[in-house]
């Protein structure tokens, strides 16, 4: 089991980050920020005369690794600017769902947010090949794909969302969980599966025979506990931090999605920062993400051991069997992608 998990969960320490704030939005800051833009940071040790406040929204649970990483960013950027930038982190979807956070960051109601699958589906639809289950085999292949189209992606996010991608936080592979062992796709017949509200997930899992049901992540524990849904799929670390092992006895090692969280900042806000503060912001993002990405494999191994000790069961499955059964759904998803994205998918599919 440990050898299997090591293969599925091993991730290189090297990050595939977008350089923090590397692509500056051409738009001028909103009216009222001109005086802020002209302000230079105070000398080290002096209290800043102007404070730039960041409201950061996370749709994932308070106390989870995503929250912890944003707290590291907060500490670093506040220290580097002597309080010239302050950060308030709101986790657990306390400011709304991921979908609502998308709208809030576009308008500047919030300045930063952590985004997952909804962001990729809605902001990068024609490029979003990596959100098709049972295609990309590992995180390295995912990062290589996004790096190959970084310029187009950054411009699309800026034009359509008024935001800049400032980093990517690696996630371990997504795994299927249930209250019973599911060895084969045929075992999903009549199975009510919670999936994120994205077309690719619903299409592929539907092709596998599951009854797909979108449920907000903040409501997932209760939905599983009350049998509104029978199972769900997420990285092991995400499941553990949400306590889902308390209501799901089995984890199937499907490793059907390798992906990351996207860190984004409102472009107008970022461009309103003095150059020194932009540099401090960029460095804080980079350092916080470097720490969390480097520790992913170790955290996974500890969690797996704890879950096994508590009686949780990990089930090996035949990835090729599941991928073959999902092909009708995969092909349907591919039709919505750009030609370049379709080519990227084809190289990982059986001939």
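Bear in mind that the values in this text are calculations on the coordinates, not laboratory data. Predicted, not measured: the structure shown is a model, and the values here were computed from it. Here the Cβ is made from the backbone with ideal geometry for all residues, glycine too, and neighbour counts use every protein chain on show.
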Item to check | Cα-based helix-to-principal-axis angle, 139-148 vs the chain, degrees rounded to 10 | outcome: 50 degrees
Next on the checklist: I'd like the antiparallel share, as a percent to the nearest 5, of DSSP beta bridges with both residues in the stretch 170-257.
Outcome noted: 60 percent
Checklist entry - Which residue fluctuates the most in the chain, going by a Gaussian network model with Cα springs under 10 Å, if the choices are 192, 332, 283? => result 332
Checklist entry - Which residue, 264, 310, 93, has the most motion in a Gaussian network model of the chain that connects Cα atoms within less than 10 Å? => result 310
Item to check | Part-to-part distance (alpha-carbon centres) for the stretch 308-351 and the stretch 259-296, which is given in Å | outcome: 31 Å
Checklist outcome for this item: A student applying the Cα gyration tensor rule (rounded when a/c is under 1.5; otherwise prolate if a/b is larger than b/c, oblate if not) would label the stretch 92-194 oblate
Item to check | Tilt relative to the chain, helix 65-80 - C-alpha long axis, 0 to 90 degrees, to 10 | outcome: 10 degrees
Next on the checklist: Let me see the P(r) profile for the chain: every Cα-Cα distance counted, bins of 20 Å, each bin given as a percent of all pairs.
Outcome noted: 30, 56, 13, 0
Checklist entry - Can you give the % of DSSP beta bridges in the chain that are antiparallel, to the nearest 5? => result 55 percent
Next on the checklist: So for the stretch 118-169, averaging the separation of alpha carbon pairs under 8 Å that are six or more residues apart and normalising by length, what relative contact order in percent results?
Outcome noted: 34 percent
Next on the checklist: With only alpha-carbon atoms in the gyration tensor, what are the semi-axes of the equivalent ellipsoid for the stretch 243-351, in Å, largest first?
Outcome noted: 35, 27, 12
Next on the checklist: If I take every Cα pair under 8 Å that is 6 or more residues apart in the stretch 172-265, average their sequence separation and divide by the length, what percent do I get for the relative contact order?
Outcome noted: 47 percent
Checklist entry - What is the chain's relative contact order, in percent, from Cα pairs under 8 angstrom and six or more apart in sequence? => result 28 percent
Next on the checklist: For a protection proxy built on the mean count of beta-carbon atoms within 10 angstrom, sort 313-325, 155-167, 125-137 highest first, please.
Outcome noted: 125-137, 155-167, 313-325
